Amino acid sequence: MGEARGRAGAAASGGGVPVEGGVKAGGTLGLPGAVALVVGNIVGTGIFLLPASLAAIGSVSVLVLLLVTVGAIALAVVFGWLGNRIPAGGGPYAYARGAFGEFAGFWVAWSFWLTAWIGNAGIAYAWVGYVNSLFGWRADNALQNIVIGLVGLWIPAVINLSGVKNIGLFQIVTTVLKFAPLLFVGIVGVFFVKAANFPAWNATGGSQLAAISLAAGLILFAYSGMESVTIVAERLRDPARMIGKASVYGVLACAAMYLLATVAIFGTVPSGQLTQSTAPFADAINNMFGGSVWGKVMAACAVVSGIGALNGWTMLVAEMPMAAARDRMFPRPFAKLSRRGAPVFGILLGTVLTSLMLAYAYLGSENGFDTILLLASFTSALPYFFSAAAQLFWLVTGGREIDRTRLARDLVITGLAVLFGGWIVYGAGADAALYGVLMMLVGVPVYIWVKARRGEYGPGQVDRRHATPVS
């Protein structure tokens, strides 16, 4: 991506590397909107249902949440450095391509695209549980749940088709409406915590390492979205400066809220009730104050939160392949924009695939939410790993100017981010890794087809139709 857009400038990123891929300021999103996009995409309905899954693993999940948070913050810092170097948009795709070449860039773009529409199904799955809780509907009717989920998926699709200005405003409104209530549960809930409510340290019956890895695989999904502004960088007013700030501010805000809320829910909802809950935050509020009114309020907040997250992720479903398509690495329809500036093909295709994944979660999977989370964690860990590896590449190869006084610090932070990505691949588990690799392999024929359309058949080969060397 950086090579396709040209090289610019002398402004230094982390480690003192120069900026590549010069981009003029002038996007529509300022820093508040960018932070709102990060927080809005991170805090979806996944966190609203996650405590139930973590309770089944045990209280060790709180420790794992702390460890994953350290890795997430390190990765957010690395995204800031990389975004400063390549502020032209494309995020992990552009970073991997710039460091490791064309196929690595495609591989990462394909993996992130999978993550975006698979993860949207997980958000929608959790969102359905809170819609049922809000209106008092039964939660065991698969067809009803699918219909509700489809409504939640296609409303954001319509918003995204209307243009980026509406997206930014919608993200700010939904982020404000959901952040305050979640923080309220985390802070006020601490005063209602009872030690007897906490689940066993390791409730899985397996080894400590297996429990820690499983919790890590689930928790990563709760941080998915930290890379949001790196992908839509050209929509920002000052991408080189704002990417790092928005990423770090967003992760820190979410980390504080996650830690407080998880402890509060573990301590206010008995573990037996929590592991069976489809609306843990609503149950926590009801247990704190009695009755069901406040639980309804929390369910309403979760519904708003889910729409905001689905809106932001629908944007990312289309933006990553759009960046790759502009570099002729994805099929051309992904790059076409409507009169309102919306990548219509990417939005529609992503939403259709998400709808199919949601239907599978209800009809073909025993534990739909965990299945989606672990699969999305695996596919998202690959772009994270390659992004961190790209920063490590620039630091150690000497291919760019390095500030020696900060090299040790930068290597430590980048090393943590690399280990974080690798750990999550392991924590996703064997089943998620198997299905994830199979879905990744489906992308190889797409890459071959795109290369053939470009008339490229390998290094040094000639496109005989035009008798010109292929670069």
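The values are calculated or read from the model by the stated rules, or taken from the named source; none is laboratory data. Only a predicted model underlies this, so the values are computations on that prediction, with no experimental measurement involved. When we count neighbours, we look across all protein chains shown, and the Cβ atoms used for this are built from the backbone with ideal geometry, even at glycine.
Of all the residues in the range 197-245, those that are at positive phi and surrounded by fewer than 24 Cβ atoms within 10 Å (Cβ to Cβ) number 1. Residues being modelled with pLDDT under 90, out of contact with any Asp or Glu (no Cβ under 6 Å at 6 or more places or on another chain), among the small types (G, A, S) and in a loop (DSSP other than H, G, I, E, B) are entirely absent from the range 349-363.
Residue by residue, here is whether (1) within 18 Å of the chain's Cα centre (by Cα); (2) modelled with pLDDT under 90 holds:
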{"site": "S377", "(1), (2)": "yes, yes"}
{"site": "I424", "(1), (2)": "yes, yes"}
{"site": "M440", "(1), (2)": "yes, no"}
{"site": "V450", "(1), (2)": "no, yes"}
{"site": "Y457", "(1), (2)": "no, yes"}
{"site": "V462", "(1), (2)": "no, yes"}
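In the range 309-319 there is at least one residue that is surrounded by 18 or more Cβ atoms within 10 Å (Cβ to Cβ), within 30 Å of N197 (Cβ to Cβ), touching a residue at least 60 places away in the same chain (Cβ under 8 Å) and not aromatic (F, W, Y). In the set (1) closer than 19 Å to W107 by Cβ; (2) without any contact (Cβ under 8 Å) to a residue 60 or more places away in the chain; (3) in contact with a Pro (Cβ under 6 Å, 6 or more places away or on another chain), the condition left unmet by F345 is number (1). W127 - would you say it is under 13 Å from the mean Cα position of the chain (by Cα), in a helix (DSSP H, G or I) and not small (G, A, S)? Judged against the criteria, W127 is not a match.
Inspect the range 284-295 for any residue being without any contact (Cβ under 8 Å) to a residue 40 or more places away in the chain, farther than 26 Å from W81 by Cα, surrounded by fewer than 24 Cβ atoms within 10 Å (Cβ to Cβ) and touching a Gly at 6+ places or on another chain (Cβ under 6 Å) and give the result as yes or no. Don't jump to the end; show me each part of the working.
Filtering the range 284-295 for residues without any contact (Cβ under 8 Å) to a residue 40 or more places away in the chain gives 286, 289-294.
Still in the running and farther than 26 Å from W81 by Cα: 286, 289-294.
With the extra rule that they be surrounded by fewer than 24 Cβ atoms within 10 Å (Cβ to Cβ), the set shrinks to 286, 289-294.
If we keep only those that are touching a Gly at 6+ places or on another chain (Cβ under 6 Å) as well, we get 286.
Yes: one or more hits.
One line per residue, one yes/no per condition, for (1) touching a helix residue (DSSP H, G or I) at 6+ places or on another chain (Cβ under 8 Å); (2) more than 19 Å from T115 (Cα to Cα); (3) surrounded by fewer than 19 Cβ atoms within 10 Å (Cβ to Cβ):
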residue: L373; (1), (2), (3): yes, no, no
residue: L382; (1), (2), (3): yes, no, no
residue: A388; (1), (2), (3): yes, no, no
residue: T397; (1), (2), (3): no, yes, yes
residue: T405; (1), (2), (3): no, yes, yes
residue: L419; (1), (2), (3): yes, yes, yes
residue: G422; (1), (2), (3): yes, no, yes
residue: Y426; (1), (2), (3): yes, no, yes
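Restricting attention to the range 341-360, and to residues there that are in contact with a Phe, Trp or Tyr (Cβ under 6 Å, 6 or more places away or on another chain) and crowded, with 24+ Cβ neighbours inside 10 Å, which single residue is nearest to L50 (Cα to Cα)? Among them, the one singled out is T354.
How about the range 203-218: which of its residues are among the small types (G, A, S) and without any contact (Cβ under 8 Å) to a residue 60 or more places away in the chain?
Quick first cut of the range 203-218, residues among the small types (G, A, S) only: 203, 205-207, 210-211, 213, 215-217.
Across the range 203-218, the qualifying residues are G205, G206, S207, A210.
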